[in-house]
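Asker: Handing you this structure, nothing more for now.
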Amino acid sequence: MELVKTNKEKQRRVLKGHGFYRKEWSFENRDYFEEHLDIMEEIRPNYILNSGCGNGVMFLDVKEIPGTPASKFEHTDEFIKKIYNFCLKNIQETQPYAHGDWVLSNIIIDGDKIEMVDWDNVGIYQPSVVLDKMHSDLRSAFGKRFDEVLFED
């Protein structure tokens, strides 16, 4: 497997295999891990291909989602609206759970198909917290154009 990213603060690394990504944590939190697996099977069945937790480590193998991260696209008005509407739809589809990390690199586009990846922060949050976080993440991605395109007339 090829090392893709290391995050020392989160004690995590991401590796790319053939058709999947592996997330490895250099600590063990069985309660989080088991709850995460249950949530993911409910909202994204068969997304997690393999998993393990023990001996002070945890790992998940998740499907590689074909496409291009949204961060690679030009930020046209139409694109900003498309991403915003996708995020709102995704929130509705996964309720009572929410993804929790709407950075553009977690949104994969393949033609007309858009999907979320990197579900580490999935959980149940107050609806106002979910929208505030989504708006904050998208404002960070799109800058002042986010509000200009979506909320100013």
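The values are calculated or read from the model by the stated rules, or taken from the named source; none is laboratory data. Note that the coordinates shown come from a computational prediction; the quantities given were computed from them, not determined experimentally. Glycine also receives a Cβ, built like all others from the backbone with ideal geometry; neighbour counts cover every protein chain displayed. Surface areas here come from the heavy atoms of the whole protein model, side chains and all, with no ligands, DNA or RNA. Shrake-Rupley method; radii C 1.70, N 1.55, O 1.52, S 1.80 Å.
Asker: All but one of (1) hydroxyl-bearing (Ser, Thr, Tyr); (2) touching a Lys or Arg at 6+ places or on another chain (Cβ under 9 Å); (3) without any contact (Cβ under 8 Å) to a residue 12 or more places away in the chain hold for TYR32; which doesn't?
Answerer: Failing condition for TYR32: (2).
Asker: For the range 14-26, give me each residue that is surrounded by 11 or more Cβ atoms within 10 Å (Cβ to Cβ) and in contact (Cβ under 8 Å) with a residue 12 or more places away in the chain.
Answerer: Hits for the range 14-26 are LEU15, LYS16, GLY17, PHE20, TYR21, ARG22, LYS23, GLU24, TRP25, SER26.
Asker: Give the number of residues within the range 53-64 that are under 16 Å from ASP120 (Cβ atoms) and surrounded by fewer than 16 Cβ atoms within 10 Å (Cβ to Cβ).
Answerer: Total satisfying the criteria: 2.
Asker: For the range 127-153, which residues satisfy the criterion of being of a type outside the set (A, V, I, L, M, F, W, C), within 18 Å of the chain's Cα centre (by Cα) and either at positive phi or at pLDDT 95 or above (or both)?
Answerer: ASP132, LYS133, HIS135, SER136, ASP137, ARG139, SER140
Asker: If you don't mind, another one. Need pairs with beta-carbon distance below 7 Å; first residue closer than 13 Å to PRO69 by Cβ and among the aliphatic types (A, V, I, L, M) and within the range 97-115, second open to solvent by less than 10 Å² (accessible area, probe 1.4 Å) and assigned to a strand (DSSP E or B); sequence gap 6+ or separate chains.
Answerer: ILE107/MET116; ILE114/ILE107
Asker: A further question follows. Which pairs do you get when a residue that is touching a residue at least 24 places away in the same chain (Cβ under 8 Å), found in the range 58-87, comes within reach of a residue that is open to solvent by 80 Å² or more (accessible area, probe 1.4 Å) and not charged (D, E, K, R), reach meaning Cβ atoms under 6 angstrom, with the pair 6+ apart or on two chains?
Answerer: Once the first residue is touching a residue at least 24 places away in the same chain (Cβ under 8 Å) and sits in the range 58-87, its partners that are open to solvent by 80 Å² or more (accessible area, probe 1.4 Å) and not charged (D, E, K, R) give ASP61/LEU49.
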